[in-house]
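The values are calculated or read from the model by the stated rules, or taken from the named source; none is laboratory data. Keep in mind that what you see is a predicted model, and the values were worked out from it rather than measured. Please note: Cβ atoms are built from the backbone with ideal geometry, for glycine as well, and neighbour counts cover all protein chains shown. Note: accessible area is taken over every heavy atom of the protein model, side chains too, but ligands, DNA and RNA are not part of it. Shrake-Rupley method; radii C 1.70, N 1.55, O 1.52, S 1.80 Å.
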Amino acid sequence: MSLLSYGVFPKEVPIKDDEDPSSPEGSPVITEKKSPSTKKNTSKKRRRGDEKPGKASRMEQEEKEMKKLESFLFGNLYSPVEFGKEIGSHEPQNEGAILYGFDRSPVDEVEAYEEDMTNLFGGQSKEERKPVWVDEEEERTEVDLLAVSRLRKLRKEDGEKVISGVDYVSRLRAQHAKMNPRTEWAEIKQEGTGLGALGEDSDDESGITSAHGFGDFDGVDVLRSNHELVEKNNVKLLPGLLEYTRMMDANSEEPSNGPINSVEFHRNGQLLLTAGLDKRLRFFQVDGKRNTMVQSIFVEDCPMRKASFLPDGSQVILSGRRKFFYVFDLIKAAVDKVGPLTGREEKSLELFEVSPDSNTIAFVGNEGYILLVSSKTKDLIGSVKMNGTARSLAFADDGRQLLSSGGDGHIYHWDLRTRRCIHKGVDEGCLASTVLCTSHDSRMFAAGSSSGIVNIYKREDFLGGKKKPLKTVENLTTSVHFMKFNHDAQILAICSHMKKDSLKLIHIPSFNVFSNWPPRYGLRYPRCLDYSPGGGFMAIGNAAGKVLLYKLNHYNSA
């Protein structure tokens, strides 16, 4: 393809008498420069020739010339442009001054790469693919490596000073590949690939053919076996000592200016959100080494008390001591304000829980009310009421049931399909409940109280009328503010905001506290905690605005 450069006509162009006005379209049209006297004579001749029979033929000839001139200057408006004719044509041109020229771009000089079908079915091509476009200025450009200090690392010899533009580009690419190596799992092995490798003569009886570019990988082929895609760690966590490693702080790039009230991992195990009283919602890509900050959102009128991902990972719910809450859409990167809720007069919606099926958001309301909000429409869809004040919530049975507790020391089980209380039981030794949490499989739940007592129950036994807990943990001496099970319910974290280093990790199978936790320094006043989906990382937010990151060595993945 070539770009046409419209030229400017010279002032004086020689005119030939034998110029054929019916020359083919695409040949240059020559216009005649006439003197003023000639113009007058021509006008007189035209007036005299009005009565002559050849008037029609002259008009047609002039009309043809005008159309050719328009076609030359503005392009042909009546037929599509055909590229390549102007370059390959060798028609004789009129002698005289050059009227116009063509810019031949490098694209015309580079041969198009033709795919060899035999390589597609027989193996990989030995010849490298040629570039589609080549910058000619790179060969003419020279780069001084000593002029800028950061370019000195591109030198291959000590005395090297000036290199060409082509060498400069290739060395930059090599330096980038060195600083940013590719991940091994993303690389495709090309040995023995090709559609022809699994043709009619193949000895494979499974009938499975690999796509082009994907050959036989080392190890078990997932398409030819019934093994699980994810290998589970069946080794149980041992009590006593917890093996962990302190990593770089998750928010080391931008610590919070206030206490951290929420930390939570995304379902992909790499994205971590932090929220606190500094009115900022931050996202970090957690790898334990760099922990790069992805984004920071400032919400002016909402000091955040809690922030949580929807389990499907599409949105984040933000709340504070306000009668409204915010929704941050991760796909659109937009923050929407929701509320106040229709028909309600709550002044604070700071406490809430999201159902595991991402359908319902339950807010703690006034006078024992629990407000149920649809996560899709963000409208109030119902409510349930306790006898006392509601203080904590927890979902169970994949979002079909809701647990609640409060000032009366009772634990309520609600069926959200009928909006009725299916069970009410007393939390043993509890005067005022402060926090609830359930395991991921909903088999167990834990209840914390204002006295620092934590009771661990088996949910099936509790619903059956058994009031005695499996274990009563008395390692905290102040009010319990936060609790969290890990993904396989082998670890339970309990913490209190009111005392320094007041965070305990409980080994659930043995119901014993790990003796080497908490660490001797660095924890300070913990406020929130979360585990990565695979259990490999544990993030702890404290009152100093830091998010401490620990690697649990027992688990193989984040």
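A few notes on this one:
- Qualifying positions in the stretch 408-449 - under 34 Å from the mean Cα position of the chain (by Cα), among the polar types (S, T, N, Q) and open to solvent by 20 Å² or more (accessible area, probe 1.4 Å): 438
- Qualifying residue in the stretch 244-256 (condition: touching a His at 6+ places or on another chain (Cβ under 9 Å), open to solvent by 80 Å² or more (accessible area, probe 1.4 Å), farther than 22 Å from residue 482 by Cα and among the hydrophobic types (A, V, I, L, M, F, W, C)): no
- Residue ID - nearest to residue 306 (Cα to Cα), chosen from residues in the stretch 361-373 that are touching a strand residue (DSSP E or B) at 6+ places or on another chain (Cβ under 8 Å) and open to solvent by 20 Å² or more (accessible area, probe 1.4 Å): 369
- In this entry, residue 467 passes the filter for residues that are farther than 24 Å from residue 260 by Cα, in contact with a strand residue (DSSP E or B) (Cβ under 7 Å, 6 or more places away or on another chain), at pLDDT below 95 and not in a strand (DSSP E or B).
- Residues of the stretch 484-514 that turn out to be open to solvent by less than 10 Å² (accessible area, probe 1.4 Å) and in a strand (DSSP E or B), as a count: 10
- Single residue of the stretch 135-174 satisfying the filter (among the polar types (S, T, N, Q) and open to solvent by less than 70 Å² (accessible area, probe 1.4 Å)) that is nearest to the chain's Cα centre (by Cα): 170
- Test result for residue 405, part of a strand (DSSP E or B) and either hydrophobic (A, V, I, L, M, F, W, C) or open to solvent by less than 20 Å² (accessible area, probe 1.4 Å) (or both): yes
- Leading residue by the ranking (farthest from residue 497 (Cα to Cα)) among those in the stretch 532-558 that are small (Gly, Ala, Ser) and open to solvent by 10 Å² or more (accessible area, probe 1.4 Å): 557
Residue by residue, here is whether (1) closer than 23 Å to residue 381 by Cβ; (2) at pLDDT below 95; (3) open to solvent by 60 Å² or more (accessible area, probe 1.4 Å) holds:
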residue	(1), (2), (3)
283	no, no, no
300	no, yes, yes
318	yes, no, no
343	yes, yes, yes
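- Counting only residues that are open to solvent by 10 Å² or more (accessible area, probe 1.4 Å), within 12 Å of residue 313 (Cα to Cα) and in a loop (DSSP other than H, G, I, E, B), the stretch 258-269 holds 3 of them.
- When residue 237 is tested against (1) more than 22 Å from residue 555 (Cβ to Cβ); (2) at pLDDT below 95, just one condition goes unmet, and that condition is (1).
- Exactly one residue among 392, 348, 383 is open to solvent by 20 Å² or more (accessible area, probe 1.4 Å), part of a strand (DSSP E or B) and hydroxyl-bearing (Ser, Thr, Tyr), and that residue is 383.
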